[in-house]
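The values are calculated or read from the model by the stated rules, or taken from the named source; none is laboratory data. In this text the structure is predicted, and so the values were computed from the model without any measurement. Note: ideal-geometry Cβ built from the backbone for every residue, glycine included; neighbour counts use all protein chains shown.
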Amino acid sequence: MQLLDGKALAGTIRNEICAEVAQIISNGQRPPKLVAVLVGNDGPSQTYVGAKEKDCSEVGFDSEVLRFSEEVSEAELMDTVERLNGDPQVDGFIVQLPLPSHMNDQRILEAIRPDKDVDGFHPENVGKMALGLEGFVPATPAGIVELLKRHAIDTEGKLCVVIGRSSIVGMPMALLMGKNAQPGNCTVVQTHSRTKDLKGICAQADILIAALGRPCFVGEEMVKDGAVVIDVGISRIEDTSRKSGFRLVGDVDFEAVANKCSYITPVPGGVGPMTRTALLQNTLQAYYRHQEK
Ligand code: GUN
(Lines give C-alpha, C1' and ligand atoms only; values in the text may rest on other atoms or scores of the structure.)
Protein backbone atom coordinates (compact mmCIF):
# COMPACT_ATOMS: atom_id res chain seq x y z
CA MET A 1 0.00 0.00 0.00
CA GLN A 2 1.23 3.45 -0.88
CA LEU A 3 -0.03 6.60 0.80
CA LEU A 4 -1.17 9.38 -1.50
CA ASP A 5 0.46 12.16 0.46
CA GLY A 6 -1.56 15.21 -0.49
CA LYS A 7 0.23 17.39 2.03
CA ALA A 8 3.65 16.75 0.49
CA LEU A 9 2.38 17.17 -3.08
CA ALA A 10 0.52 20.36 -2.15
CA GLY A 11 3.84 21.73 -0.83
CA THR A 12 5.53 20.93 -4.15
CA ILE A 13 2.74 22.63 -6.12
CA ARG A 14 2.79 25.68 -3.84
CA ASN A 15 6.53 25.99 -4.54
CA GLU A 16 5.82 25.87 -8.28
CA ILE A 17 3.18 28.59 -7.92
CA CYS A 18 5.60 30.66 -5.82
CA ALA A 19 8.17 30.49 -8.62
CA GLU A 20 5.56 31.65 -11.16
CA VAL A 21 4.55 34.56 -8.94
CA ALA A 22 8.21 35.54 -8.54
CA GLN A 23 8.48 35.56 -12.36
CA ILE A 24 5.35 37.73 -12.65
CA ILE A 25 6.72 40.21 -10.12
CA SER A 26 10.13 40.33 -11.79
CA ASN A 27 8.32 41.24 -15.03
CA GLY A 28 6.99 44.29 -13.19
CA GLN A 29 3.40 43.05 -12.99
CA ARG A 30 1.03 42.84 -10.04
CA PRO A 31 0.52 39.46 -8.34
CA PRO A 32 -2.74 37.47 -8.69
CA LYS A 33 -5.48 38.40 -6.23
CA LEU A 34 -8.13 36.21 -4.58
CA VAL A 35 -10.98 37.59 -2.47
CA ALA A 36 -13.13 35.52 -0.10
CA VAL A 37 -16.57 36.68 1.02
CA LEU A 38 -17.55 35.31 4.43
CA VAL A 39 -21.02 35.76 5.91
CA GLY A 40 -21.82 34.98 9.54
CA ASN A 41 -19.92 33.05 12.19
CA ASP A 42 -19.95 29.45 10.95
CA GLY A 43 -16.89 27.84 12.62
CA PRO A 44 -15.69 25.58 9.79
CA SER A 45 -16.20 28.40 7.23
CA GLN A 46 -14.01 30.73 9.30
CA THR A 47 -11.32 28.03 9.44
CA TYR A 48 -11.49 27.39 5.68
CA VAL A 49 -11.33 31.07 4.80
CA GLY A 50 -8.43 31.61 7.22
CA ALA A 51 -6.58 28.74 5.52
CA LYS A 52 -7.22 30.22 2.06
CA GLU A 53 -5.82 33.58 3.22
CA LYS A 54 -2.70 31.87 4.60
CA ASP A 55 -2.22 29.87 1.37
CA CYS A 56 -2.40 33.06 -0.69
CA SER A 57 0.19 34.83 1.41
CA GLU A 58 2.52 31.80 1.23
CA VAL A 59 2.58 31.82 -2.58
CA GLY A 60 2.73 35.60 -2.89
CA PHE A 61 -0.87 36.25 -4.02
CA ASP A 62 -2.75 39.30 -2.80
CA SER A 63 -5.83 38.33 -0.86
CA GLU A 64 -8.65 39.91 1.05
CA VAL A 65 -11.48 38.59 3.21
CA LEU A 66 -14.72 40.55 3.18
CA ARG A 67 -16.67 39.72 6.35
CA PHE A 68 -20.38 40.31 6.78
CA SER A 69 -22.71 39.73 9.70
CA GLU A 70 -25.30 36.96 9.57
CA GLU A 71 -27.98 39.65 9.10
CA VAL A 72 -26.59 41.16 5.89
CA SER A 73 -29.25 41.41 3.19
CA GLU A 74 -29.04 39.50 -0.06
CA ALA A 75 -29.14 42.86 -1.87
CA GLU A 76 -26.05 44.09 -0.03
CA LEU A 77 -24.21 40.87 -0.78
CA MET A 78 -25.21 41.20 -4.43
CA ASP A 79 -23.75 44.73 -4.49
CA THR A 80 -20.47 43.29 -3.20
CA VAL A 81 -20.48 40.59 -5.89
CA GLU A 82 -21.08 43.25 -8.53
CA ARG A 83 -18.24 45.39 -7.19
CA LEU A 84 -15.84 42.42 -7.22
CA ASN A 85 -17.01 41.49 -10.74
CA GLY A 86 -16.02 44.95 -11.92
CA ASP A 87 -12.75 45.31 -9.99
CA PRO A 88 -9.84 44.78 -12.43
CA GLN A 89 -7.45 44.10 -9.52
CA VAL A 90 -9.45 41.01 -8.47
CA ASP A 91 -8.75 37.89 -10.53
CA GLY A 92 -11.01 35.53 -8.66
CA PHE A 93 -13.36 35.47 -5.70
CA ILE A 94 -15.40 33.00 -3.76
CA VAL A 95 -18.50 33.34 -1.61
CA GLN A 96 -18.00 30.85 1.20
CA LEU A 97 -20.89 28.43 1.63
CA PRO A 98 -23.14 27.78 3.48
CA LEU A 99 -24.87 31.16 3.40
CA PRO A 100 -27.51 32.05 6.03
CA SER A 101 -30.92 30.53 5.31
CA HIS A 102 -32.53 33.87 4.30
CA MET A 103 -30.31 33.94 1.20
CA ASN A 104 -30.65 32.14 -2.08
CA ASP A 105 -27.21 30.54 -2.61
CA GLN A 106 -27.84 29.76 -6.24
CA ARG A 107 -28.84 33.35 -7.08
CA ILE A 108 -25.61 34.62 -5.48
CA LEU A 109 -23.41 32.03 -7.25
CA GLU A 110 -24.99 32.85 -10.60
CA ALA A 111 -24.20 36.55 -10.12
CA ILE A 112 -20.44 35.84 -9.98
CA ARG A 113 -18.75 36.56 -13.31
CA PRO A 114 -17.78 33.13 -14.72
CA ASP A 115 -14.22 34.26 -15.52
CA LYS A 116 -13.76 35.13 -11.81
CA ASP A 117 -15.60 32.07 -10.47
CA VAL A 118 -12.53 30.20 -9.21
CA ASP A 119 -14.80 27.85 -7.20
CA GLY A 120 -16.22 26.61 -10.53
CA PHE A 121 -19.78 26.70 -9.16
CA HIS A 122 -21.38 28.96 -11.80
CA PRO A 123 -23.61 27.01 -14.24
CA GLU A 124 -21.46 28.27 -17.15
CA ASN A 125 -18.36 26.65 -15.61
CA VAL A 126 -20.27 23.46 -14.70
CA GLY A 127 -21.50 23.29 -18.31
CA LYS A 128 -18.01 23.88 -19.69
CA MET A 129 -16.62 21.13 -17.48
CA ALA A 130 -19.31 18.74 -18.71
CA LEU A 131 -18.44 19.59 -22.32
CA GLY A 132 -14.69 19.42 -21.77
CA LEU A 133 -14.24 23.14 -22.48
CA GLU A 134 -11.82 25.43 -20.68
CA GLY A 135 -13.36 26.93 -17.54
CA PHE A 136 -12.92 26.41 -13.83
CA VAL A 137 -13.22 22.98 -12.19
CA PRO A 138 -14.25 22.91 -8.50
CA ALA A 139 -11.24 22.66 -6.22
CA THR A 140 -11.78 19.25 -4.58
CA PRO A 141 -12.25 17.21 -7.78
CA ALA A 142 -9.50 19.24 -9.49
CA GLY A 143 -7.16 18.46 -6.58
CA ILE A 144 -7.97 14.75 -6.75
CA VAL A 145 -7.30 14.63 -10.50
CA GLU A 146 -3.94 16.33 -9.87
CA LEU A 147 -3.12 13.82 -7.11
CA LEU A 148 -3.83 10.88 -9.46
CA LYS A 149 -1.92 12.54 -12.32
CA ARG A 150 1.23 13.33 -10.35
CA HIS A 151 1.35 9.77 -8.99
CA ALA A 152 0.95 8.47 -12.56
CA ILE A 153 -1.98 6.29 -11.49
CA ASP A 154 -3.40 4.49 -14.51
CA THR A 155 -7.16 5.10 -14.70
CA GLU A 156 -7.73 4.06 -18.33
CA GLY A 157 -10.64 1.62 -18.67
CA LYS A 158 -10.90 1.19 -14.89
CA LEU A 159 -14.13 0.98 -12.94
CA CYS A 160 -14.44 4.13 -10.84
CA VAL A 161 -17.17 4.21 -8.21
CA VAL A 162 -18.01 7.62 -6.73
CA ILE A 163 -20.05 7.66 -3.50
CA GLY A 164 -21.95 10.94 -3.35
CA ARG A 165 -23.51 13.28 -5.90
CA SER A 166 -23.02 16.76 -4.40
CA SER A 167 -22.56 19.57 -6.89
CA ILE A 168 -19.24 20.47 -5.19
CA VAL A 169 -17.60 17.03 -5.25
CA GLY A 170 -19.51 13.90 -6.33
CA MET A 171 -21.11 15.18 -9.52
CA PRO A 172 -18.00 16.92 -10.97
CA MET A 173 -15.78 14.01 -9.84
CA ALA A 174 -17.88 11.52 -11.81
CA LEU A 175 -17.79 13.77 -14.90
CA LEU A 176 -14.01 14.18 -14.75
CA MET A 177 -13.23 10.49 -14.25
CA GLY A 178 -15.37 9.61 -17.27
CA LYS A 179 -13.75 12.22 -19.55
CA ASN A 180 -11.56 11.26 -22.48
CA ALA A 181 -8.41 12.37 -20.66
CA GLN A 182 -5.58 11.13 -18.51
CA PRO A 183 -6.53 10.77 -15.66
CA GLY A 184 -9.97 9.82 -16.93
CA ASN A 185 -11.37 7.29 -19.38
CA CYS A 186 -12.92 5.37 -16.50
CA THR A 187 -16.19 3.52 -16.54
CA VAL A 188 -17.93 5.57 -13.88
CA VAL A 189 -20.68 4.51 -11.52
CA GLN A 190 -22.14 7.33 -9.45
CA THR A 191 -23.78 6.07 -6.28
CA HIS A 192 -25.90 7.87 -3.71
CA SER A 193 -28.32 7.41 -0.82
CA ARG A 194 -30.87 5.54 -2.98
CA THR A 195 -28.37 3.15 -4.56
CA LYS A 196 -29.24 -0.53 -4.11
CA ASP A 197 -26.40 -2.86 -3.08
CA LEU A 198 -23.96 -0.02 -2.52
CA LYS A 199 -21.51 -2.35 -0.76
CA GLY A 200 -21.51 -4.84 -3.63
CA ILE A 201 -20.93 -2.08 -6.18
CA CYS A 202 -18.10 -0.49 -4.20
CA ALA A 203 -16.43 -3.89 -3.78
CA GLN A 204 -15.97 -4.05 -7.58
CA ALA A 205 -14.29 -0.65 -7.89
CA ASP A 206 -10.74 -0.28 -9.15
CA ILE A 207 -10.92 3.33 -7.99
CA LEU A 208 -13.23 4.20 -5.11
CA ILE A 209 -13.93 7.84 -4.29
CA ALA A 210 -15.83 8.38 -1.04
CA ALA A 211 -17.52 11.77 -0.77
CA LEU A 212 -20.64 11.20 1.29
CA GLY A 213 -19.70 12.86 4.59
CA ARG A 214 -20.22 9.89 6.93
CA PRO A 215 -17.29 9.05 9.20
CA CYS A 216 -15.65 5.63 8.60
CA PHE A 217 -18.51 4.53 6.30
CA VAL A 218 -16.33 2.55 3.88
CA GLY A 219 -15.29 -0.69 5.55
CA GLU A 220 -13.07 -3.56 4.51
CA GLU A 221 -15.88 -5.48 2.78
CA MET A 222 -16.44 -2.54 0.39
CA VAL A 223 -12.89 -2.45 -0.98
CA LYS A 224 -11.42 -4.73 -3.63
CA ASP A 225 -7.84 -5.96 -3.23
CA GLY A 226 -5.50 -3.53 -4.96
CA ALA A 227 -8.07 -0.71 -5.24
CA VAL A 228 -7.14 2.98 -5.26
CA VAL A 229 -9.13 4.66 -2.47
CA ILE A 230 -9.69 8.40 -2.33
CA ASP A 231 -11.24 9.72 0.88
CA VAL A 232 -12.89 13.13 0.60
CA GLY A 233 -14.58 13.08 4.01
CA ILE A 234 -13.35 14.91 7.06
CA SER A 235 -15.27 14.69 10.33
CA ARG A 236 -14.42 15.27 13.97
CA ILE A 237 -15.09 12.33 16.24
CA GLU A 238 -14.73 12.25 20.01
CA ASP A 239 -11.43 10.83 21.23
CA THR A 240 -10.80 11.16 24.95
CA SER A 241 -7.21 9.93 24.52
CA ARG A 242 -6.36 13.20 22.74
CA LYS A 243 -5.71 16.48 24.48
CA SER A 244 -8.15 18.18 22.10
CA GLY A 245 -10.85 15.59 22.90
CA PHE A 246 -11.38 14.77 19.21
CA ARG A 247 -9.66 13.42 16.11
CA LEU A 248 -10.27 13.82 12.41
CA VAL A 249 -11.48 10.87 10.35
CA GLY A 250 -12.57 10.42 6.78
CA ASP A 251 -15.45 8.58 5.12
CA VAL A 252 -13.18 5.52 4.94
CA ASP A 253 -12.24 3.31 7.88
CA PHE A 254 -8.54 3.75 7.16
CA GLU A 255 -7.22 1.14 9.61
CA ALA A 256 -9.57 -1.54 8.27
CA VAL A 257 -9.01 -0.79 4.59
CA ALA A 258 -5.43 0.44 4.13
CA ASN A 259 -3.74 -2.96 3.74
CA LYS A 260 -6.09 -3.96 0.90
CA CYS A 261 -5.39 -0.87 -1.20
CA SER A 262 -2.72 -0.18 -3.77
CA TYR A 263 -3.02 3.53 -2.92
CA ILE A 264 -5.02 5.40 -0.30
CA THR A 265 -5.31 9.02 0.84
CA PRO A 266 -4.86 9.69 4.56
CA VAL A 267 -7.16 11.99 6.55
CA PRO A 268 -5.95 14.56 7.33
CA GLY A 269 -3.18 15.19 4.80
CA GLY A 270 -4.72 13.67 1.67
CA VAL A 271 -7.46 15.41 -0.33
CA GLY A 272 -7.73 18.51 1.91
CA PRO A 273 -4.35 20.10 1.06
CA MET A 274 -4.87 19.29 -2.64
CA THR A 275 -8.20 21.12 -2.56
CA ARG A 276 -6.49 24.18 -1.15
CA THR A 277 -3.79 24.23 -3.82
CA ALA A 278 -6.36 23.67 -6.58
CA LEU A 279 -8.01 26.96 -5.60
CA LEU A 280 -4.62 28.67 -5.93
CA GLN A 281 -4.12 27.03 -9.34
CA ASN A 282 -7.56 28.24 -10.48
CA THR A 283 -6.74 31.76 -9.30
CA LEU A 284 -3.44 31.72 -11.21
CA GLN A 285 -5.33 30.56 -14.33
CA ALA A 286 -7.86 33.38 -13.86
CA TYR A 287 -4.96 35.84 -13.59
CA TYR A 288 -3.30 34.65 -16.80
CA ARG A 289 -6.60 34.72 -18.70
CA HIS A 290 -7.22 38.28 -17.54
CA GLN A 291 -3.70 39.32 -18.56
CA GLU A 292 -4.26 37.92 -22.06
CA LYS A 293 -7.31 40.13 -22.63
N1 GUN B 1 -17.90 25.46 1.58
C2 GUN B 1 -17.34 24.25 1.68
N3 GUN B 1 -16.47 24.06 0.65
C4 GUN B 1 -16.52 25.17 -0.10
C5 GUN B 1 -15.84 25.57 -1.28
O6 GUN B 1 -15.04 24.84 -1.87
N7 GUN B 1 -16.15 26.81 -1.75
C8 GUN B 1 -17.05 27.62 -1.13
N9 GUN B 1 -17.30 28.81 -1.68
N10 GUN B 1 -17.69 27.28 -0.04
C11 GUN B 1 -17.42 26.06 0.48
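Would you be able to say whether some residue in segment 48-69 is under 19 Å from D119 (Cβ atoms), among the basic types (K, R) and in a helix (DSSP H, G or I)? Checking segment 48-69: at least one residue is under 19 Å from D119 (Cβ atoms), among the basic types (K, R) and in a helix (DSSP H, G or I). For segment 260-276, which positions are within 13 Å of the ligand (Cβ to nearest atom) and either assigned to a loop (DSSP other than H, G, I, E, B) or β-branched (V, I, T) (or both)? Selection gives V271, T275.
Restricting segment 102-111 to residues that are outside any helix (DSSP H, G or I) and surrounded by fewer than 15 Cβ atoms within 10 Å (Cβ to Cβ) leaves a set whose member that is nearest to the ligand (Cβ to nearest atom) is N104. Do we have any residue at all in segment 83-98 that's of a type in the set (F, W, Y), within 14 Å of the ligand (Cβ to nearest atom), part of a strand (DSSP E or B) and surrounded by 14 or more Cβ atoms within 10 Å (Cβ to Cβ)? Looking through segment 83-98, at least one residue is of a type in the set (F, W, Y), within 14 Å of the ligand (Cβ to nearest atom), part of a strand (DSSP E or B) and surrounded by 14 or more Cβ atoms within 10 Å (Cβ to Cβ). Given the criteria within 12 Å of the ligand (Cβ to nearest atom), at pLDDT 95 or above and either under 16 Å from the mean Cα position of the chain (by Cα) or within 28 Å of R30 (Cβ to Cβ) (or both), does D79 qualify? Answer is no for this residue.
Looking across segment 158-203, the residues that are surrounded by 16 or more Cβ atoms within 10 Å (Cβ to Cβ), touching a residue at least 24 places away in the same chain (Cβ under 8 Å) and over 21 Å from the mean Cα position of the chain (by Cα) come down to K158, L159, L198, I201, C202. In segment 101-128, the residues that are over 13 Å from E74 (Cβ atoms) reach residues that are of a type in the set (F, W, Y) and assigned to a loop (DSSP other than H, G, I, E, B) with C-beta atoms within less than 7 angstrom, at least six apart or across chains, in these pairs: D117/F136; V118/F136; G120/F136; N125/F136.
Could we say that L208 is closer than 23 Å to A8 by Cβ, away from the ligand (no atom under 16 Å from the Cβ), out of contact with any Asp or Glu (no Cβ under 8 Å at 6 or more places or on another chain) and not in a loop (DSSP other than H, G, I, E, B) here? So L208 fits the description; yes. Looking at this structure, is T283 closer than 23 Å to F121 by Cβ and either in a loop (DSSP other than H, G, I, E, B) or of a type in the set (V, I, T) (or both)? Spelling it out, T283 is indeed closer than 23 Å to F121 by Cβ and either in a loop (DSSP other than H, G, I, E, B) or of a type in the set (V, I, T) (or both).
The residues of segment 112-129 that are among the hydrophobic types (A, V, I, L, M, F, W, C) and either away from the ligand (no atom under 14 Å from the Cβ) or surrounded by fewer than 18 Cβ atoms within 10 Å (Cβ to Cβ) (or both) amount to a single one, M129.
Applying a threshold of 8 Å to beta carbon distances and a minimum spacing of six or more residues, or different chains, the list of pairs starting in segment 35-59 at a residue that is more than 26 Å from S73 (Cα to Cα) and ending at one that is of a type in the set (G, A, S) and surrounded by 16 or more Cβ atoms within 10 Å (Cβ to Cβ) reads C56/S63; S57/S63. Residues in segment 36-47 that are of a type outside the set (D, E) and not in a helix (DSSP H, G or I): A36, V37, L38, V39, G40, N41. Write out, first by first residue and then by second, each pair whose Cβ atoms fall under 6 Å of each other, whose residues are 6+ apart or on separate chains, and whose first residue, in segment 140-154, is over 13 Å from Q2 (Cβ atoms) while the second is assigned to a helix (DSSP H, G or I) and within 10 Å of the ligand (Cβ to nearest atom). Going by the 6 Å Cβ cut-off, the qualifying pairs are T140/T275; A142/A278; G143/T275; G143/A278. For segment 62-75, indicate whether the set of residues that are in contact with a Gly (Cβ under 9 Å, 6 or more places away or on another chain), within 13 Å of the ligand (Cβ to nearest atom) and not aromatic (F, W, Y) is non-empty. There is at least one residue in segment 62-75 that is in contact with a Gly (Cβ under 9 Å, 6 or more places away or on another chain), within 13 Å of the ligand (Cβ to nearest atom) and not aromatic (F, W, Y).
The set of residues in segment 136-164 being farther than 20 Å from T277 by Cα and either within 16 Å of the ligand (Cβ to nearest atom) or assigned to a strand (DSSP E or B) (or both) consists of L159, C160, V161, V162, I163, G164.
Criterion applied to V37, V59 was being in contact with a Cys (Cβ under 8 Å, 6 or more places away or on another chain), of a type outside the set (G, A, S) and within 30 Å of G270 (Cβ to Cβ), and the one residue passing it is V59. Among the residues of segment 165-191, those identified as assigned to a loop (DSSP other than H, G, I, E, B) and within 15 Å of K149 (Cα to Cα) are K179, N180, A181, Q182, P183, G184, N185, C186.
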